[in-house]
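This structure is in structure tokens; I'll ask about it shortly.
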Amino acid sequence: MSKSVRLLLVDDHPIVRTGLRMLFQSEPDMVVVGEVNGGEEALEAVQTLHPDVVIMDVAMPGMNGIEATRRIKESSPETAVLALTMHEDEQYFFAMLHAGASGYIP
């Protein structure tokens, strides 16, 4: 039996987190281990929940997803981060990749 992929959802919009959770819960090899609404909370959650993958909103109040990704990759380099945003501007794409994101979900 394969190990489930442990996911942490980071978005300041509860409806987005709910939709993502419902989507991922329907997959037998994925488990949502936590949900937080900002970058600061994401840093703490990564240390306590040890997710395999963080689905990270780029634009959030307080610490944005770019800075949170940079800090997560510094403290937990084995944790993958996927950027999630509605912004189509390439600057967000390149900033997230430069911060250490493994991919980008537009």
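The values are calculated or read from the model by the stated rules, or taken from the named source; none is laboratory data. Because the structure is predicted, anything quoted here is derived from the model rather than measured. Note: ideal-geometry Cβ built from the backbone for every residue, glycine included; neighbour counts use all protein chains shown.
Given the criterion surrounded by 19 or more Cβ atoms within 10 Å (Cβ to Cβ) and among the polar types (S, T, N, Q), identify the matching residue among THR48, THR18, THR79.
THR79
Which one of these is surrounded by 19 or more Cβ atoms within 10 Å (Cβ to Cβ), on the phi < 0 side of the Ramachandran plot and of a type outside the set (Val, Ile, Thr): ASP29, ASP11? Before you say what the answer is, go through the steps one by one.
Numbers: ASP29 fails: surrounded by 19 or more Cβ atoms within 10 Å (Cβ to Cβ).
Result of the check over ASP29, ASP11: ASP11.
Can you report the number of residues in the range 17-38 which are of a type outside the set (A, V, I, L, M) and part of a strand (DSSP E or B)?
So the first thing to find is which residues in the range 17-38 are of a type outside the set (A, V, I, L, M), and the list is 17-19, 21, 24-29, 34-35, 37-38.
Then keep just the ones that are part of a strand (DSSP E or B); that gives 34-35.
Residues that pass the stated criteria total 2.
For a quick check of your reading: which helices (runs of 4 or more DSSP H) sit entirely within the range 39-106 and have at least 1 residues that are free of Cβ contacts under 8 Å to residues at least 24 places away in the same chain, in contact with a helix residue (DSSP H, G or I) (Cβ under 7 Å, 6 or more places away or on another chain) and under 23 Å from THR18 (Cα atoms)?
In the range 39-106, no matching helices (runs of 4 or more DSSP H) lie anywhere.
Could I ask something else about it? If you take the residues in the range 51-61 that are at pLDDT 95 or above and more than 14 Å from MET96 (Cα to Cα), which one is surrounded by the fewest Cβ atoms within 10 Å (Cβ to Cβ)?
Only one residue fits best here, namely ASP52.
Show the residue pairs meeting these rules: Cβ distance below 6 Å; 6+ apart or different chains; first residue within the range 20-32 and aliphatic (A, V, I, L, M); second residue in a helix (DSSP H, G or I).
Short answer, once both residue conditions are applied: MET30/PHE24; VAL32/ARG21; VAL32/PHE24.
Every residue in the range 3-16 that is part of a loop (DSSP other than H, G, I, E, B) and out of contact with any Asp or Glu (no Cβ under 6 Å at 6 or more places or on another chain), please.
First, the residues of the range 3-16 that are part of a loop (DSSP other than H, G, I, E, B): 3-4, 11-13.
Within the range 3-16, LYS3, ASP12, HIS13 qualify.
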